[in-house]
Amino acid sequence: MQADRKRIERLLKTAKGQLDGILRMVEEDRYCMDISAQVMSTDAILRKVNNEIIRAHMKGCVKEAILEGKGDEKIDELMLVVDKLTK
């Protein structure tokens, strides 16, 4: 993986902590909208992680494949991810 590994790890650990907190909130029968707000916050972190990973993939793997004349496969692979993101 060519993304900033330390940043990715930090964000994922933050998301993990938030998920643990959300689980506690559910177990404690906390207010629905408070739980929802934490879920959206965690989702935003995971989206940020995914964007960073995809960006690094395009700047590294996809760029390299294009320069080697093998870009079609990597572009198709990337489009599968884009399709999933837009659903």
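Derivation of every value follows stated rules applied to the coordinates shown; laboratory data play no part. If you're wondering where the values come from, they're calculated on a predicted model, not measured in any experiment. When we count neighbours, we look across all protein chains shown, and the Cβ atoms used for this are built from the backbone with ideal geometry, even at glycine.
Side notes on the structure shown:
- Region 48-87, residues that are of a type in the set (Asp, Glu) and within 20 Å of ARG5 (Cβ to Cβ): GLU52, GLU64
- Complete set of residues in region 1-42 that are among the acidic types (Asp, Glu) and touching a helix residue (DSSP H, G or I) at 6+ places or on another chain (Cβ under 9 Å): ASP4, ASP34
- Subset tally (residues that are of a type outside the set (Gly, Ala, Ser) and more than 23 Å from ILE8 (Cα to Cα)) for region 53-82: 8
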